[in-house]
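One structure below.
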Amino acid sequence: MNMALFDRLSTVQADLLVAFVPAEGALPESTAWIDENVAGQISQLRDTAVFKGGVAQTLLLPLMTQDFAQAVLLVGIGKDAELSDMQARKVIAAVAAQIKGLPYESVAVASAALTLKGRSESDIIALVSQWLNEGFYNFLGFKESDAEKATKVASLLIQGSDETALTIGTATANGSAFARQLGNLPGNVCTPSYLASKAQQLAEEFSIDVELLDESKMDELGMNCLLSVGHGSDQPSYLIVMHYRGGEEGDAPHVLLGKGITFDTGGISLKPGAKMDEMKYDMCGAASVFGTMKAICELKPKLNFTAVVAAAENMPSARATKPGDIVKTMSGKTVEILNTDAEGRLVLCDALSYIERFEPKSVVDIATLTGACVVALGSVNSGMYANNDDLASELKAASQTAADKVWQMPLDEEYQQQLDSNFADIANIGGPEAGSVTAACFLSRFTESYPWAHLDIAGTAWTGGASKGASGRPVALLTRYLLAKV
Ligand code: BES
Ligand code: MN
Ligand code: ZN
């Protein structure tokens with residue numbers, strides 16, 4: 001999809017114009033201009049309540065006699081003077097859903113008519129370009145009917161002048177599409193070695209350095225806890241490390257670490273069958289790290305950024321880790337694995353210790369870590385934990401700019417005792433209470449040497465039910481967070 005900006009409707013060349021129509025009051029300038037060119041049909045349709053302008057309502061006006069465009073798509077923006085992020089997202093999703101199936105090649109979106117609560121023109125351009133582009137994502141490659149999904153739209157024009165904002169929006173959308181694609185791929189395709197091959201592919205496409213640590217290397221390093229998760233699987237585990245070096249040589253990197261469980265059966269603590277297919281999404285933290293790496297490679301900011309993925313498959317077998325097994329982590333601490341389904345923290349803890357060698361400026365891990373986080377926050381906010389207030393504030397600010405919500409959760413030391421074990425330094429589960437918090441507490445034991453935050457994206461990384469699919473979150477948040485470091 002080619003995306004570009006335009007300034008004035010009177011000079012833009014497009015097959016289809018998208019006009020935003022409020023439910024009440026005067027038409028915004030750009031909509032009024034289109035209205036004049038279609039003989040007042042927009043006002044008429046609104047006055048006669050044929051098209052009321054409700055949020056995300058759409059109506060296509062084919063223009064048989066006009067030559068300035070082939071058609072105009074009316075999109076309602078409701079009666080509030082300013083849209084909330086949620087309303088704006090619905091409006092833009094409706095635009096994308098309508099135009100992707102239409103036979104027009106170029107589409108100009110009269111987006112100067114959009115005002116969003118508390119947002120600058122630049123932020124609006126970034127969000128509109130990101131959301132529009134994201135609306136064109138299709139999961140392809142596995143259905144006979146794939147060809148029918150191909151869109152005719154080749155060029156999308158957005159109204160405004162901030163080129164940087166457009167570039168950020170499109171790069172974010174490209175990163176998010178990459179993350180969604182990895183997330184949606186089934187477990188028999190997207191294995192730990194598949195993720196490793198994707199890192200090598202990124203290294204070829206952009207000039208980043210990739211290191212792949214295989215099982216024997218991790219064994220040498222004493223990463224027994226990470227390795228214990230893959231013991232039941234025939235798929236080898238990998239620690240994938242990607243270095244983007246846009247900053248000064250020797251300048252310490254910011255690190256993102258993703259949980260990459262390419263399928264989580266629970267292991268010997270086997271999960272129930274219902275919805276188990278959704279555990280192919282248990283690598284969405286890793287996917288968001290890949291997506292952010294892609295966005296950053298496209299945007300080329302002047303900073304050093306290292307992306308790490310802890311990749312394994314959690315399966316039951318005769319060689320699998322058993323409840324009660326004790327393993328020694330790379331840090332030297334021992335863990336009593338009381339539940340093999342609490343495997344995310346087991347792969348992350350050794351990766352967190354490995355990361356110490358980079359003397360990172362900050363570390364953020366992203367993980368579909370706990371069902372308890374879904375209970376606490378649902379699919380609206382990702383859970384955020386941090387051992388550093390500045391880092392927490394930066395993530396909150398980035399989350400606000402990117403409209404990719406996080407809610408900070410507590411890490412009080414009182415919760416830590418839930419991880420006491422009779423037989424090892426730490427247990428890998430903390431009982432039924434505050435499950436998302438105790439999972440974060442477990443990770444916090446391995447992050448004492450650097451500013452660290454943890455994002456539990458179990459509720460936000462994908463949607464279940466009829467519209468099942470990966471969301472691409474929190475690529476937008478992470479990209480903004482890194483861009484703000486420059
Ligand atoms: N990948 C799951 C967490 C998960 C569950 C994410 C459902 C999204 C939806 C994780 O590995 C897991 O199984 N966690 C357990 C932890 C428990 C055994 C302490 C959980 O949340 O039930
Ligand atoms: Mn699990
Ligand atoms: Zn898991």
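The values are calculated or read from the model by the stated rules, or taken from the named source; none is laboratory data. From a predicted model like this one, the values you see are computed outputs, not experimental measurements. Glycine gets a Cβ as well: all are built from the backbone with ideal geometry, and neighbour counts include every protein chain shown. Quick note on the areas: whole protein, heavy atoms, side chains included, nothing else; ligands and nucleic acids left out. Shrake-Rupley method; radii C 1.70, N 1.55, O 1.52, S 1.80 Å.
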Shape box of the chain [Cα atoms, principal axes, largest first, Å]: 80, 50, 42
Pulled fully out, how much extra length does the chain show between Asn2 and Asn138, if you take 0.36 nm times their separation in residues and subtract their Cα-Cα distance? 47.3 nm
Between the range 347-389 and the range 402-441, what is the separation of their alpha carbon centroids in Å? 11
Which trypsin sites (Lys or Arg not before Pro) from the range 1-100 combine a DSSP loop assignment with at most 16 other Cβ atoms within 10 Å? Arg8, Lys52, Lys79
Projecting the Cα atoms of Met223, Ala171, Ala97 onto the charge dipole of the chain, where Lys and Arg contribute +1 and Asp and Glu -1 at Cβ, the residue farthest towards the positive end is Ala97
Starting from 0.36 nm per residue, how many nanometres of slack lie between Gln200 and Val50 once their C-alpha separation is accounted for? 48.6 nm
Per-residue ellipticity at 222 nm for the chain, helices alone: DSSP H runs ≥ 4 residues times -39500 (n - 2.57), over residue total, nearest 500 deg cm²/dmol? -10000 deg cm²/dmol
The range 2-160 - share of DSSP beta bridges that are antiparallel (%, nearest 5): 20
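Per 0.36 nm of contour for each residue apart, how much would the distance between Ala484 and Ala150 grow if the chain were fully extended, relative to their Cα-Cα spacing? Numbers along the way, then the final one.
Details: separation 334, 0.36 × 334 = 120.24 nm, distance 3.56 nm.
Net length gain for the segment: 116.7 nm.
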Could you tell me what percent of the accessible area of the chain is made up of carbon and sulfur, with a 1.4 Å probe and every protein chain present? 49
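Counting only chymotrypsin sites (Phe, Trp or Tyr not before Pro) that are in a DSSP loop and have at most 14 other C-beta atoms within 10 Å, tell me the longest site-free stretch of the chain.
Values: sites that count: Phe142, Phe423.
In the chain, the maximal stretch lacking such sites is 143-422.
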At a Cα cut-off below 13 Å, give the aspartates and glutamates reachable from Lys79, other chains included and same-chain residues fewer than 8 away excluded. Glu24
Choose one of Ile240, Ile261, Thr115: the residue whose Cα lies farthest towards the positive end of the charge dipole of the chain (beta-carbon charges +1 Lys, Arg; -1 Asp, Glu; about the Cα centre). Thr115
Compute the FRET efficiency between Asp390 and Glu414 as 1/(1 + (r/R0)^6), taking r as their Cβ-Cβ distance and R0 = 22 Å, and round to the nearest 0.05. 0.40
Using only the Cα atoms of the range 1-86, what do you get for the radius of gyration and for Dmax, in Å? 12.9, 37
Calculated Rg and Dmax of the range 248-329 using C-alpha coordinates, Å: 17.1, 50
Accessible solvent surface per residue of the range 176-483, calculated while the other protein chains remain in place, 1.4 angstrom probe, Å²: 37
Compute the longest continuous run of the chain that contains no exposed GluC sites (Glu not before Pro); treat a site as exposed when its DSSP state is not H, G, I, E or B and it has at most 16 other Cβ atoms within 10 Å. 250-432
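Among bridges DSSP assigns within the chain, what percent are antiparallel (round to 5)?
Here the share of antiparallel DSSP bridges comes out near 40 percent.
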The chain: relative contact order as a whole-number percent, Cα under 8 Å and 6+ apart: 14
When we measure straight from the Cα of Lys271, which aspartates and glutamates land under 20 angstrom away, once same-chain ones fewer than 8 places off are left out? Asp234, Asp282, Glu313, Asp325, Glu336, Asp341, Glu343, Glu433, Asp456
Which value in Å does the Kirkwood hydrodynamic radius of the range 2-160 take, with 1/r averaged over all unlike C-alpha pairs and then inverted? 15.9
Of every Cα-Cα pair in the range 404-486, the percent that sits beyond 17 Å: 60
Amide N of the range 1-35 lying under 15 Å from the label point, which is placed 7 angstrom from the Cα of Phe68 along Cα→Cβ: 7-20, 28-35
Counting other C-beta atoms within 10 Å, and keeping those with at most 12, which DSSP coil trypsin sites (Lys or Arg not before Pro) do you find in the range 233-280? Lys275
Between beta-carbons, use under 13 Å as the cut-off and find the net charge around Thr58, counting Lys and Arg +1, Asp and Glu -1. +3
Total charge dipole magnitude, the chain, about the Cα centre, Cβ charges on Lys, Arg, Asp, Glu only, Debye to nearest 20: 880
Order by accessible surface, 1.4 Å probe, largest leading, for residues Asp234, Asp282, Asp325 comes to Asp234, Asp325, Asp282
How many angstrom lie between the Cα centre of the range 38-94 and the Cα centre of the range 229-306? 41
Over the range 106-159, consider all pairs of different Cα atoms and compute the Kirkwood hydrodynamic radius from their mean reciprocal separation; express it in Å, one decimal. 13.1
Can you check what the net charge comes to around Val309, using other residues whose Cβ is under 10 Å from the Cβ of Val309 (Lys, Arg +1; Asp, Glu -1)? +2
Approximate spin-label separation Thr164-Glu105, in nm, with each point projected 7 Å along Cα-to-Cβ: 3.4
Toy charge model, Lys and Arg Cβ at +1, Asp and Glu Cβ at -1: the range 212-363 dipole around Cα centroid in debye, rounded to 20, equals 260
